[in-house]
Amino acid sequence: MFLGEVSLDGSLRAVAGVLPIAAAAQSLGISGLVVPVDNAQEAAVVKELSVYGLESLTEVADFLDRPDQYKPVKLDIESKLGHSRLNYPNLKDVKGQVHARRALEIAAAGGHNLPLSASIKSIKHI
């Protein structure tokens, strides 16, 4: 399967929504996905899907001619997640305040913004 946008100069541009498309491709039995290089890490999250990140239409043509010369993108999810953990307060640390916590959860689930009067650094663990 091929996914991406081709610019006028032949380079491949990243597109939005690659992760759900890659997951759908894998569930449909598609074994390989060619995407722009900027989308390769995102698509590689899907297990059992060979993802190839390419930079141009010329490289895609070469890939079709000699696929054995290209290796699929490998992603070590554990190392990516391990480096992104920050030590910020978490809602699991909040004791009580059931209504306020529920409001925060609903706002976050809906992708809504919340005005905060204090910076995140001034919030102390409970």
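What follows is calculated from the coordinates using simple rules that are stated; it is not laboratory data. Computed from a predicted model, the values in this text were never measured in an experiment. We place every Cβ from the backbone using ideal geometry, glycine too, and count neighbours over all the protein chains shown.
Full extension from residue 65 to residue 91: what is 0.36 nm times the residue separation minus their Cα-Cα distance, to one decimal in nm?
Numbers: separation 26, 0.36 × 26 = 9.36 nm, distance 5.23 nm.
Value of the extension gain: 4.1 nm.
For residue 24 and residue 113, the FRET efficiency from 1/(1 + (r/R0)^6), where r spans their Cβ atoms and R0 equals 25 Å, is about 0.25. Note on the range 14-84: dipole from Cβ charges, positive end direction compared against 24, 36, 58; the farthest Cα belongs to 24.
A Förster radius of 35 Å, combined with the Cβ-Cβ distance separating residue 38 from residue 101, puts the computed FRET efficiency at roughly 0.40. In terms of surrounding Cβ atoms within a 10 Å radius of their Cβ, 33, 57 rank from fewest to most as 57, 33. Spin-label model, residue 9/residue 58: points 7 Å from Cα along the beta carbon direction are separated by 1.2 nm.
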